[in-house]
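Below is one structure; the comments refer to it alone.
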Amino acid sequence: MGNIRYLTKEGFRNLKVNRLMSVASVTVLFSCLMLIGIAFMILVNIEAFITGIESENVIMVYANQDLDKLDYDYIKLGNDLRSLDNIASVESIDKDSAYQEILADMDDGLKNYLSGLDENPLPNAYRVTVSDMAGFDGVVNEIKKLSGIQRVYENSTLARQLEQVRDSVTYISFGIILLLFVVSLFIISNTVKVTMFSRRLEISIMKSVGATNSFIRWPFMVEGIIIGIIAGLLATAAVWGVYEFALGSFSAVLSGLGGEVRVSFLDYAPYLVAVFVGIGIFTGVFGSATSIRKYLKERKFVELED
């Protein structure tokens, strides 16, 4: 335990002594993690935006004209709709309320003409929302088999297009995130190698006086962990700032597209912190362990240049 405490203190001390390389490592790792975080938040927002559009793509089920909202057959139709698979919600639409809403949107001439009708021409209906748009067509087919239905209005084409857009965005976004992660590992690995090369004399001296490999390796591992934690926290804060700025700048555009979809960063902040710190620690420790291995195998002293 005494050795562990001493070597851990050495790891912290090495960060101060090699401030320039420590800052370089933190900066490189921070930049890569921030790009990954921004790509992830873009994916989350696009997913939320598509989900918002999907929630508006409902199936309107119009009951037979002679069915009142209190009739047994109309109530049974609603229960049958709720019993189907892949149903998110079933809302009853009263024909009198729907008729008044239609009249409110018309001009006075047409409104007076329709108001003179003896009876409401609209049927009672149900508004059905599907849980998974991939099964939209299947739900429509099941609904059409039910009795007591006059007409079913749906937009299967839009449902299929939304599902294709969702899949495309998901695959592209995850591909970008994976590519950024691989690039991050490559850049960080080279940064760590440069750091180790600049300290090869220190490693060689420790090796020459009888220090074991684990004794030499531990402070570098501690450095990698600290650098990973610092970079992870800074990247989370930076992504938060960029995200809030982007939302404020593009809020008008999002509103014009018909959506006030606002994904709270704080809902994903704990996951981003955990992932960023985990990636930072992994890359720092893995990079240090693999890069130092070369110098631990060397038996010759590093000669100082004149």
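For this structure, a couple of remarks:
- Residue in the stretch 119-129 that is open to solvent by 70 Å² or more (accessible area, probe 1.4 Å), aromatic (Phe, Trp, Tyr) and either modelled with pLDDT of 85 or more or not in a strand (DSSP E or B) (or both) present: no
- Taking every residue in the stretch 72-96 that is closer than 14 Å to Lys145 by Cα and pairing it with any residue that is open to solvent by 50 Å² or more (accessible area, probe 1.4 Å) and outside any helix (DSSP H, G or I), at least 6 positions away or on another chain, the pairs with Cβ-Cβ distances below 7 Å are Gly78/Ser92.
- For the stretch 37-61, the set of residues classified as modelled with pLDDT of 85 or more and touching a strand residue (DSSP E or B) at 6+ places or on another chain (Cβ under 7 Å) consists of Ile59, Met60, Val61, listed by residue number.
- Residue count, the stretch 29-48 (criterion: farther than 21 Å from Gly280 by Cα and open to solvent by less than 50 Å² (accessible area, probe 1.4 Å)): 4
- The lone exception for Val192 - which of (1) at pLDDT 70 or above; (2) part of a helix (DSSP H, G or I) it fails: (1)
- Any chance Asn64 is farther than 26 Å from Asn213 by Cβ, modelled with pLDDT of 80 or more and open to solvent by 60 Å² or more (accessible area, probe 1.4 Å): no
- Matching residues in the stretch 224-235 - criterion: being open to solvent by 10 Å² or more (accessible area, probe 1.4 Å) and either under 17 Å from Arg5 (Cβ atoms) or of a type outside the set (A, V, I, L, M) (or both): Ile225, Ile226
- If only residues of the stretch 150-165 that are touching a strand residue (DSSP E or B) at 6+ places or on another chain (Cβ under 9 Å) and open to solvent by 70 Å² or more (accessible area, probe 1.4 Å) are counted, the one that is farthest from Leu77 (Cα to Cα) is Tyr153.
- Here the stretch 90-118 is the region considered, the condition is being charged (D, E, K, R) and either within 26 Å of Asn79 (Cβ to Cβ) or in a strand (DSSP E or B) (or both), and the residue that is modelled with the lowest pLDDT is Glu101.
The values are calculated or read from the model by the stated rules, or taken from the named source; none is laboratory data. Note that the coordinates shown come from a computational prediction; the quantities given were computed from them, not determined experimentally. Backbone-built Cβ (ideal geometry, glycine too); neighbour counts: all protein chains shown. For the accessible areas, the whole protein counts, side chains as well, though only heavy atoms, and no ligand, DNA or RNA atoms are used. Shrake-Rupley method; radii C 1.70, N 1.55, O 1.52, S 1.80 Å.
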